[in-house]
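Written out below as structure tokens is the structure these notes cover.
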């Protein structure tokens, strides 16, 4: 029948002789004992080292002991262990400065409590408005750390 054009020849694996049955090599074996090339590495990175170790930089990890609750992407400061959802709801549901006590701002909490007592409950409006501001704003705890939503 003759030689077929190259586009019609049957598929051959690298290193397979023409006419040799397909699949002679066990799956995953390289022909003639060749090893596969190593995976590409970042520029200037020695083979086998984690990213950053070649230059003495620390490898980023999922847990940072200085910021156990994460880092604020806008400011780079560690998040507080308190959440603004809890603080805002405490201010709204218990309008006597309880949310400010939770945030660690005891002076402001005492002031809101005393205003609520001396005004016979009218001063609780301050705590209600403060709770809304806590929920919608960017409050900070007593150490100045930003608070997460939840």
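Every number here is computed from the coordinates shown, using simple stated rules; none is lab data. As the structure is a prediction and not an experimental result, all values here were calculated from the model. Quick reminder, even Gly has a Cβ in these numbers, built from the backbone with ideal geometry, and neighbours come from all protein chains shown.
General remarks:
- The distance between label points at residue 106 and residue 74 comes to 3.0 nm (points 7 Å beyond Cα on the Cα→Cβ vector).
- Extension gain, residue 150-residue 128: 0.36 nm per intervening residue step, less the Cα-Cα distance, totals 5.9 nm.
- Sorted largest first, extent of region 84-136 alpha carbons per principal axis (Å): 28, 18, 13
- Scaling the Cα radius of gyration of region 57-150 by the globular reference 2.2 N^0.38 Å produces a ratio of 1.27.
- Per-peptide average of other Cβ atoms within 10 Å, ordering 123-129, 133-139 highest first: 123-129, 133-139
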